[in-house]
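Single-structure report; data block below.
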Amino acid sequence: MSIHHREQKNIEKVISHLKNCKSILFITGAGLSADSNLPTYRGIGGLYNDEHTEDGIPIEEALSGAMLVRRPALTWRYISRIEAACRDAVFNRGHQVIAEMERHFPRVWVLTQNVDGFHHRAGSKNIIDIHGDVHSLCCTHCNHRRNVEDYSTLNIPPQCPSCSALERPEVVLFGEMLPPDKLFQLEKILYEGFHLVFSIGTSSLFPYIVQPVMEARALGTPTVEINPDQTDISQMVDVKITARAAEALDAIWSGYQKAMGINPTSGFNGSDT
Ligand code: OAD
């Protein structure tokens, strides 16, 4: 993978920030998994770009908590499509670099909006998946919970193996609250603070995604955005890298390893782009 010459200076800046760094927060969005060929929500090829689904309703309505109650089969149809896209894909070099950096630096956290579970599969441990994970299912009636590898063996909409009521994925649907335990955990890690904050592949629409970047900036903590496009935070970060997530993270990590005389890591198991 090669990074455009014009970005090299920005990559160098990030590497110099990493040299004295003990704690890093990675905020990630659909753009990171776009490098695994998953669709994003907005922008080119985005899931929400078509105004209506084939069922004649907006996708936000199909994927809402209210619709799951009213017409579970319909909501499950669109959830299954998200899962099917994940099933056909694997984590990429960007997810892998973040996991490797977690093993190298004393304290690394991932705050992800992605429901694909790729950070987990790539080996990251400290993950707040604030919008959940399509692979975690829970019963809408009893307390039964389970993790599934994929949906290939499920009858959609699936029934609880314990009480036969409707199951749902543990994801935040439109109109639903964020999980309080995850919000609490997020508050805690932000309170403890970070030496470096990355925002990667997100359109930065939600306050809980923008706020950690703003708070870091207010405290004088360096902030980095990796996104080929401009977002509301692009003007506010210290370093803006307009490259794809996987190639930018790979360039940063290999540049850092070289600068520190560390043997570069290989052993990549996911898909490279
Ligand atoms: P979006 O689809 O809103 O934004 C994706 C961002 O990634 C855009 O800013 C793109 O420019 C950027 N991008 C595209 N390809 C990229 C690449 N290869 N490398 C880096 N960046 C790239 O996705 P999110 O911000 O994650 O919520 O969306 C946030 C939430 O909106 C989702 O989690 C979902 C949706 O409603 C729920 O489902 C609850």
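Considering only strands (runs of 3 or more DSSP E) fully contained in region 113-164, which possess at least 3 residues that are surrounded by fewer than 21 Cβ atoms within 10 Å (Cβ to Cβ)?
132-139, 145-147
Can you work out which of the residues in region 105-139 that are over 19 Å from the mean Cα position of the chain (by Cα) and touching a residue at least 40 places away in the same chain (Cβ under 8 Å) is farthest from the ligand (Cβ to nearest atom)?
By that ranking, first place goes to Pro106.
Which of the residues belonging to region 244-266 are of a type in the set (Gly, Ala, Ser) and surrounded by fewer than 22 Cβ atoms within 10 Å (Cβ to Cβ)?
Ser254, Gly255, Ala259, Gly261, Ser266
Would you tally the residues in region 25-40 being outside any loop (DSSP other than H, G, I, E, B), more than 9 Å from the ligand (Cβ to nearest atom) and out of contact with any strand residue (DSSP E or B) (no Cβ under 8 Å at 6 or more places or on another chain)?
Here the count works out to 0.
Give the residue that is surrounded by the most Cβ atoms within 10 Å (Cβ to Cβ), with candidates limited to residues of region 206-225 that are free of Cβ contacts under 8 Å to residues at least 60 places away in the same chain and within 18 Å of the chain's Cα centre (by Cα).
If we take residues in region 206-225 being free of Cβ contacts under 8 Å to residues at least 60 places away in the same chain and within 18 Å of the chain's Cα centre (by Cα), then Glu225 is surrounded by the most Cβ atoms within 10 Å (Cβ to Cβ).
Give me the pairs: first residue in region 5-18 and of a type in the set (S, T, N, Q), second residue modelled with pLDDT of 95 or more and outside any helix (DSSP H, G or I), beta-carbon distance under 9 Å, and six or more apart or on different chains, which are they?
These pairs meet every condition: Asn10/Val224; Asn10/Val239; Asn10/Lys240; Asn10/Ile241; Asn10/Thr242; Asn10/Ala243.
Please go through (1) farther than 23 Å from Met260 by Cα; (2) of a type in the set (A, V, I, L, M, F, W, C); (3) surrounded by fewer than 21 Cβ atoms within 10 Å (Cβ to Cβ) for Ile15 and return the number of the only condition it doesn't satisfy.
(1)
Within region 138-162, how many residues turn out to be within 27 Å of Val108 (Cα to Cα) and of a type in the set (A, V, I, L, M)?
Here the count works out to 1.
Filter region 29-72 for residues that are of a type in the set (A, V, I, L, M, F, W, C) and either at pLDDT 95 or above or closer than 20 Å to Asp129 by Cβ (or both) and give the result.
Once the filter is applied, which keeps residues that are of a type in the set (A, V, I, L, M, F, W, C) and either at pLDDT 95 or above or closer than 20 Å to Asp129 by Cβ (or both), region 29-72 yields Ala30, Leu32, Ala34, Leu38, Leu47, Leu63, Ala66, Met67, Leu68, Val69.
Is there any pair with a first residue in region 244-260 that is touching a residue at least 40 places away in the same chain (Cβ under 8 Å) and a second that is basic (Lys, Arg) and away from the ligand (no atom under 15 Å from the Cβ) whose Cβ atoms are under 8 Å apart and which are 6 or more apart or on different chains, and what are they?
Hits for this filter: Tyr256/Lys19; Ala259/Lys19; Met260/Lys19.
The values are calculated or read from the model by the stated rules, or taken from the named source; none is laboratory data. Bear in mind the structure is a predicted one, so any value in this text is a computation, not a measurement. Note that each Cβ is placed from the backbone with ideal geometry, even for glycine, and that neighbours are counted across all protein chains shown.
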